[in-house]
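The values are calculated or read from the model by the stated rules, or taken from the named source; none is laboratory data. Owing to the predicted nature of the structure, the values given are computational and were not obtained by experimental measurement. So basically every Cβ, Gly included, is an ideal-geometry build from the backbone, and we count neighbours across all protein chains shown. With ligands, DNA and RNA removed, areas are computed over all heavy atoms of the protein, side chains included. Shrake-Rupley method; radii C 1.70, N 1.55, O 1.52, S 1.80 Å.
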Amino acid sequence: MNNAGSCWQIIFAAQETTPPLLEEFLEEYFEVVACDYNDDGQEIPIGYTSKDFDSRDLKKQADARGIKLPEFSKKLLTSENWLKDNVIEFAPVEVEDFLVYGIHEKQVPKTAKLPIKIYAATAFGSEHQTTKSCLKAICELNRMKAPHANILDVGCGSGILSLGAAKLWGAETKITAVDIDQEAVWVTRQNALDNNVSDFVTAEVSNGYQAEIVQKNAPYDIIFANILARPLIDMAPDLATGLKPGGYAILSGFINDQEEWVVNAHTNQGLKLVKIYELDNWRAALMEKPQ
């Protein structure tokens, strides 16, 4: 991703709730997707791309997926660092044992929970239902006293799941966070520094499980994979190979209609389903590799 010079900001019309299929499409189409809110609490999806933007191509690809796009406007943003300079502010949100807040906050919100500070515009859905479900699953593993010495975060985005694990377990854990996008890796590293957990989180570029560091650090006690249904299914054999017997996987980024496909792809690799987390139409699965 080119994070210097300029980018197009595409702002969609407000709606009560963004349909899951539209959210998935926007995540695939744009380099960064964020969500703002109007005074009535309606969601305003916003896409960012540093590439040439063609409204006709966006509509054509949406039509091909049977997705009706809301009305949208476009604006060219120019800055040396458009991603950093166009942060979308969001209110602090509590999820289980965590409180997630944006870097725009002048001070840490008062909380008895574990605070996680992130760049909102680079969070890849820090308030998204899938992220919340994954954070809930991490807290559940903590309550279960699951082994957590060695963790892999595939498709780390802002690194929020790695940050949560590091906040919970600190020096008890070593976390390898990887993403196909170099920008996400930079953001994860910075967020780890901002949250004082950089000693426990190593972020590198990897296409799934292919990077040398991923293979070198395997096998893992826990694997996070909050991506999308198709790559989850495609990478199920790699996840099963990289997970220790008795280890757990937290899978998310899929909707209810895709739940059976994702779960079956992993049960076919010998894993068993522990729990499904439901939030609106989005799903997350906690799965275990038997001893």
Completion exercise
Checked against (1) within 15 Å of Ile175 (Cα to Cα); (2) open to solvent by 10 Å² or more (accessible area, probe 1.4 Å); (3) in contact with a Leu (Cβ under 9 Å, 6 or more places away or on another chain), Lys216 satisfies every condition except (3)
Problem - Hey, Ile46 open to solvent by less than 40 Å² (accessible area, probe 1.4 Å), at pLDDT 85 or above and in contact with a Leu (Cβ under 8 Å, 6 or more places away or on another chain) or not - result: no
Handout entry: Index of the failed condition, Ser162 passing every other in (1) farther than 29 Å from Lys216 by Cβ; (2) modelled with pLDDT of 85 or more
Key = (1)
Practice task
For Ala265, work out the one condition from (1) closer than 17 Å to Glu24 by Cβ; (2) surrounded by 15 or more Cβ atoms within 10 Å (Cβ to Cβ); (3) out of contact with any Pro (no Cβ under 8 Å at 6 or more places or on another chain); (4) of a type outside the set (Phe, Trp, Tyr) it doesn't fulfil.
Solution key: (1)
Problem - Residue count for the range 219-232, restricted to those that are surrounded by fewer than 19 Cβ atoms within 10 Å (Cβ to Cβ) and more than 24 Å from Glu183 (Cα to Cα) - result: 1
Practice task
Evaluate the following for Lys132: is it modelled with pLDDT under 95, more than 20 Å from Asp194 (Cβ to Cβ), assigned to a helix (DSSP H, G or I) and basic (Lys, Arg)?
Solution key: yes
